[in-house]
Amino acid sequence: MNLDVTYPRRRTRVCQVGPVAMGGDHPILVQSMITEETRNVDACVEQIIALHREGCELVRVTTPTLGEAQCLAEIRAKVIERYRLVPLTADVHHQGSAIAVEAAKHVDEVRLNPGLFVFKRHGSRAQEVDFDADVDLRGTSEDRSVDELRAELAYGEAEWAEELAAVEESFVPVIEACKTHGRAMRIGVNHGSLSERMLVTYGDTPEGMVQSALEYLRLCEKHGFYNLNISAKASRVPIMVAANRLMVKRMDEEGMAYPLHLGVTEAGDGEYARIKSTAGIATLLMEGIGDTIRVSLSEDPIHEIPVCYDILQSLGLRKTKVEYIACPSCGRTKFNLPTVLHEVREATRHLVGLDIAVMGCIVNGPGEMADADYGYVGAAGGKITLYRKREVVKHGIPQENGVSELIALLKADGMWTEPPAGVPTRVPLTVRQ
């Protein structure tokens with residue numbers, strides 16, 4: 001693969017999550033979340049194992065109550081007994097201190113949502129301001145701008161300090177538990193669940209998301225904890241992209257360099273959800289932003305993993321399958337390109353690490369497939385020409401012999417291995433960090 005065009009990666013601290021790591025020079029980590037109810041231990045165990053076998057490198061489990069957090073011990077033990085050690089994250093939301101402290105005993109990472117972790121949810125003040133409107137007329141005798149309303153509802157310095165102190169009081173036990181057990185922590189901010197204090201002060205904006213995360217990061221650093229990563233997710237791609245760009249800018253200003261988890265939350269299902277997720281995640285990865293990703297689908301989470309790896313492969317960040325370069329076909333094409341591409345793929349898809357081009361004609365074929373290791377190109381008279389990179393290796397091959405001749409070339413070059421039974425479509429193999 002030609003990797004001359006690369007995306008300079010943002011330099012970060014390393015966040016160690018059990019046996020895997022994110023940030024620094026480590027590959028972009030792929031993760032997902034199970035959908036089984038946490039108290040259904042055996043179902044959780046099976047889904048965790050299935051996700052890991054598919055290539056998921058970090059699996060998240062929800063823990064909405066203390067009871068679910070206590071189930072994590074049995075879940076982890078059974079995963080190890082039936083399969084092997086799988087890195088696990090506990091997802092903690094409401095009334096999180098006791099739950100998070102318990103979860104930290106059993107899993108490799110605890111994820112907290114600052115907007116929901118401590119007491120107040122969207123409440124009386126935040127509901128008085130429509131941040132998408134130019135003016136707000138509710139309960140007023142005259143027009144007032146959003147800025148004027150926000151100023152009226154703003155938290156005073158003493159009130160802000162009081163609430164921040166309450167956050168710290170609840171948060172410190174979680175920090176200490178993560179330090180004691182050697183766990184990682186993700187500060188996971190969602191656009192749709194900012195705290196009342198952040199909404200009133202910054203609005204429903206990327207700035208509010210970033211400030212919410214920074215508040216928790218500062219508390220972690222104050223108490224000597226640095227094994228952290230951050231996410232700033234939204235269901236709208238422009239907000240998700242803006243929030244992560246701003247997060248990097250604000251962290252740079254404060255001398256922070258924590259890894260970022262990328263994802264478009266609540267993306268939905270089907271083709272559009274995959275396109276929507278790719279638009280947000282790939283945009284940031286091409287800017288060097290992002291150290292771990294999740295594609296959130298309203299489907300069985302096992303379907304998320306191929307999308308993650310396809311995003312990473314398309315950007316040259318990881319290589320997990322053969323890369324096929326194929327023209328879209330036109331009137332010059334000398335064979336049925338979809339059929340031939342399928343035949344070549346079925347014969348060679350186990351040769352992870354190779355780039356193979358299937359081109360319909362000689363006009364654009366050699367130039368367009370310049371990055372490929374091998375080329376299979378249509379020629380006049382029902383013939384095939386085989387290339388090794390830009391070099392013609394053999395021409396005048398009858399089309400019906402094209403695939404067998406390609407295999408013979410791969411064997412002669414020492415690039416062939418026999419396909420194993422049940423050939424996987426993906427093997428988590430890193431080619432670039």
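For the reader, a short list of remarks on this structure follows.
- Applying a threshold of 8 Å to beta carbon distances and a minimum spacing of six or more residues, or different chains, the list of pairs starting in the range 303-329 at a residue that is at positive phi and ending at one that is assigned to a loop (DSSP other than H, G, I, E, B) and modelled with pLDDT under 95 reads 316/1; 316/3; 316/5; 316/6; 316/431; 316/432; 329/360.
- Looking only at the range 181-207, and only at residues there that are surrounded by fewer than 23 Cβ atoms within 10 Å (Cβ to Cβ) and among the hydroxyl-bearing types (Ser, Thr, Tyr), the one that is nearest to residue 116 (Cα to Cα): 193
- Within the range 186-205, the set of residues being assigned to a helix (DSSP H, G or I) and either of a type outside the set (A, V, I, L, M, F, W, C) or within 20 Å of residue 236 (Cα to Cα) (or both) comprises 191, 192, 193, 196, 197, 198, 199, 201, 202.
- Every condition in (1) under 19 Å from residue 7 (Cα atoms); (2) open to solvent by 30 Å² or more (accessible area, probe 1.4 Å); (3) of a type outside the set (Asp, Glu) is met by residue 281 except one, and the failing one is (2).
- Some residue of the range 273-285 being closer than 27 Å to residue 53 by Cβ, touching a residue at least 40 places away in the same chain (Cβ under 8 Å) and touching a Ser or Thr at 6+ places or on another chain (Cβ under 7 Å): no
- Within the range 109-125, residues that are assigned to a loop (DSSP other than H, G, I, E, B) sit with their Cβ atoms under 6 Å from residues that are at pLDDT 95 or above, at 6+ positions apart or across chains, in these pairs: 113/188.
- Considering residues of the range 376-418 that are among the hydrophobic types (A, V, I, L, M, F, W, C) and in a helix (DSSP H, G or I) only, the residue surrounded by the fewest Cβ atoms within 10 Å (Cβ to Cβ): 380
- Any chance residue 287 is within 22 Å of residue 191 (Cα to Cα) and of a type in the set (Asp, Glu): yes
- Here residue 178 passes the criteria (1) in a helix (DSSP H, G or I); (2) open to solvent by 30 Å² or more (accessible area, probe 1.4 Å) except the one numbered (2).
- Residues within the range 295-309 that are among the aliphatic types (A, V, I, L, M) and open to solvent by less than 10 Å² (accessible area, probe 1.4 Å), tallied: 2
- Residues of the range 321-338 satisfying the condition of being modelled with pLDDT under 90 and either open to solvent by less than 70 Å² (accessible area, probe 1.4 Å) or more than 20 Å from residue 382 (Cβ to Cβ) (or both): 326, 327, 328, 329, 330, 333, 335, 337
- Restricting attention to the range 363-421, the residues being among the basic types (Lys, Arg) and in contact with a Leu (Cβ under 8 Å, 6 or more places away or on another chain) number 2.
- Any hit, the range 388-399, residues being among the hydrophobic types (A, V, I, L, M, F, W, C) and closer than 25 Å to residue 314 by Cα: no
- When the range 231-245 is limited to residues that are of a type outside the set (Gly, Ala, Ser) and over 15 Å from residue 207 (Cβ atoms), the one that is most open to solvent (accessible area, probe 1.4 Å) turns out to be 236.
- Residue match in the range 113-130 (condition: among the charged types (D, E, K, R), under 32 Å from the mean Cα position of the chain (by Cα), open to solvent by 50 Å² or more (accessible area, probe 1.4 Å) and modelled with pLDDT of 60 or more): no
The values are calculated or read from the model by the stated rules, or taken from the named source; none is laboratory data. In this text the structure is predicted, and so the values were computed from the model without any measurement. So basically every Cβ, Gly included, is an ideal-geometry build from the backbone, and we count neighbours across all protein chains shown. What goes into the accessible areas is simple: the full protein's heavy atoms, side chains included, and nothing from ligands, DNA or RNA. Shrake-Rupley method; radii C 1.70, N 1.55, O 1.52, S 1.80 Å.
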